[in-house]
Amino acid sequence: MATETGMSLPVRDLKLRMERVGMAFERDGKSVSVLEDINLDVSDGEFICLVGPSGCGKSTLLNLMGGFLVPTQGSVIIDNQIIRGPDPRRILVFQERGVFPWLTVEGNIGFGLAKLSRAERRERIDHYVQMVRLQGFEHTFPSDLSGGMQQRLQVARALAVNPDVLYLDEPFGALDSSTRLILRGELLRIWQRERRTIIFVTHDVDEAVQLADRVVVLSARPAKIQNVLTIDIPHPRNISSARYLEHRDDLLKRIGLAYTA
Amino acid sequence: MKLLVRPFAFIAVLLVIWQVAVNRDTAQLLPGPFGVVRGMGDLLQHGLLLKYVVASLFRVTWGFLLAAVIAIPLGLTIGWHRRAEMALSPLVQIFRPISPLAWIPIAILWFGVGDLAAIFLIFVGCFFPLMLTAMSAVHNIPAVYVNVGRNFGLSTADFVYRVIYPAVVPQLIIGSRITLGIAWLVVVAAEMIAVNSGLGFLILDARNAGNRYDLVIAGMIMIGTIGLLLDLGMRSLERAKSFRWSYSED
């Protein structure tokens, strides 16, 4: 069984650091605190899942990390630099409607590749069309794709620009459970091949235990980090193994606590 | 083709009723369909019909295009900048309910009797509907598209061309279609007062110069037919494949 060092995970470089991050919104002239004192270090290539009660501020946290929002307190640091705005090196994948309906599959994947030469762009598009298994749909518009295909397309568009960090905001939340299961597997396959840092917001406990190196549990609003769980089961994870179930129960218990906290 | 049978059959029935009614009427309140056709023949013979149709279309085209070129970019810009919108909104709301026809005296004062005055009136009639369409089109851009555009590091020009423009175009086409209908309404009124040619002028002139009601109705039929064709033209634009996305989505 894994001991503290048993997994022999290589010591990886620090990629992202959140330092005393707090976020408050103005609402009816009053300041409403959403996030308080968030501290987290994420290593390069790590897969982090953020879980917590709905409305607790998971998406807000993701938007802060993506540079779409500026924290009212503290700072988000990537590669030793404070984030000042969105950047193609860090791409956010949205829950739904994230793909451009006026572009075909090809056009969407190539969206961030305008600066490449025609040949390079072609090659990149073909590569990611294959990776997300959308061969044969290159010239299809998103309205003719299923929800699952649209999400794969969004992931492909994100990966195509070669980001170091991928933020996923409940990317499979609007899909049916079997599609979700398949896409989880595909995401893992892609992650193992390309090793990006992934921050994945979900409210699905199974999703978190199946995917993450570490699961960050947030409390109810104003959200703080309640727990950080390390899931030291190698991939592919057997979702009926005793250790998997143990982690799952543990996480459920902690989230239960988070709800009442 | 089958779709066209019913409307045409219905029109034929109406024409018959019209003719019968006119035949039984002794007061001569309306010319019959044959009289109108003869009137149209007269106009064609004198080369007036084509001339007037071209004159009206010319004014509508220029008035509409000028308004579109100015009002749409302006509306998009104002709609994007909420503060500008808050500042300008009351002014727009005051100008908007003023009928374009209320501008007729000013149009004649500024431009005299002629094409320019009529074009100006159509411009005024199209300007506010187009600007408001553009403003609301910007508001309706889903935040997701804007965020994706920002995320991929587009320059401002690229952002406008590759995100804003494709996102608003379907709504602009619908708004333009409605506005072109307004332009076609305004041109008739404008031509009755501000110029000496065009379909509106034809109608007024036919009445003033000898109560030629056959020509009045001929003019009305031309206005209706051309209005229908303009609308069909704009509708075909709505169905253009590259813009179809917004209609097939939901």
- Please work out which residue is farthest from B:Tyr161 (Cα to Cα), limiting yourself to segment A:49-69 and to residues that are more than 14 Å from every other protein chain (Cβ to nearest Cβ), modelled with pLDDT under 90 and in contact with a strand residue (DSSP E or B) (Cβ under 7 Å, 6 or more places away or on another chain). A:Gly52
- For B:Val124, indicate whether it is of a type in the set (Val, Ile, Thr), under 30 Å from A:Arg157 (Cα atoms), more than 14 Å from chain A (Cβ to nearest Cβ) and surrounded by 18 or more Cβ atoms within 10 Å (Cβ to Cβ). no
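Among B:Asp205, B:Asp158, B:Asp214, which is free of Cβ contacts under 8 Å to residues at least 12 places away in the same chain, over 16 Å from the mean Cα position of the chain (by Cα) and more than 14 Å from chain A (Cβ to nearest Cβ)? So that I can check it myself, show each step before the final result.
On the way: B:Asp158 fails: more than 14 Å from chain A (Cβ to nearest Cβ); B:Asp214 fails: free of Cβ contacts under 8 Å to residues at least 12 places away in the same chain.
Sole residue among the options that is free of Cβ contacts under 8 Å to residues at least 12 places away in the same chain, over 16 Å from the mean Cα position of the chain (by Cα) and more than 14 Å from chain A (Cβ to nearest Cβ): B:Asp205.
With segment B:1-104 as the region, which helices (runs of 4 or more DSSP H) entirely inside it contain at least 2 residues that are crowded, with 17+ Cβ neighbours inside 10 Å?
On the way: elements: B:2-24, B:33-45, B:48-80, B:82-95.
Answer list for segment B:1-104: B:33-45, B:48-80.
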- Task: Report, by residue number, each residue of segment A:70-93 that is within 14 Å of chain B (Cβ to nearest Cβ), closer than 15 Å to A:Val165 by Cα and part of a loop (DSSP other than H, G, I, E, B).
- Result: A:Ile83, A:Gly85, A:Pro86, A:Pro88, A:Arg89
- Task: Consider A:Leu50 carefully, then state whether it is out of contact with any His (no Cβ under 8 Å at 6 or more places or on another chain), closer than 26 Å to A:Asp232 by Cα and not in a helix (DSSP H, G or I).
- Result: yes
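Go through segment B:190-211 and report how many residues are part of a loop (DSSP other than H, G, I, E, B) and surrounded by fewer than 20 Cβ atoms within 10 Å (Cβ to Cβ).
Qualifying residue count, segment B:190-211: 4.
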- Item | Some residue of segment B:171-189 being in a helix (DSSP H, G or I), within 21 Å of B:Trp62 (Cβ to Cβ), within 14 Å of another protein chain (Cβ to nearest Cβ) and of a type outside the set (D, E, K, R) | yes
- Query: Which condition number does A:Gly148 fail, the rest of (1) among the small types (Gly, Ala, Ser); (2) crowded, with 16+ Cβ neighbours inside 10 Å; (3) away from chain B (no Cβ under 13 Å); (4) not in a helix (DSSP H, G or I) being met?
  - Reply: (4)
- Item | Single unsatisfied condition, B:Arg150 versus (1) buried (at least 22 other Cβ atoms within 10 Å of the Cβ); (2) within 25 Å of A:Leu159 (Cβ to Cβ) | (1)
- Among A:Glu138, A:Glu96, the single one that is at the interface with another protein chain (Cβ under 9 Å from one of its Cβ atoms), surrounded by fewer than 23 Cβ atoms within 10 Å (Cβ to Cβ) and not in a helix (DSSP H, G or I) is A:Glu96
- Please work out which one of (1) under 30 Å from A:Leu40 (Cβ atoms); (2) away from chain B (no Cβ under 14 Å); (3) buried (at least 20 other Cβ atoms within 10 Å of the Cβ) is the condition A:Ile125 fails and give its number. (1)
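The values are calculated or read from the model by the stated rules, or taken from the named source; none is laboratory data. Predicted model, so just to flag it, every value in this text is computed and none were measured. Cβ: placed from backbone, ideal geometry, glycine included. Neighbour counts: every protein chain shown.
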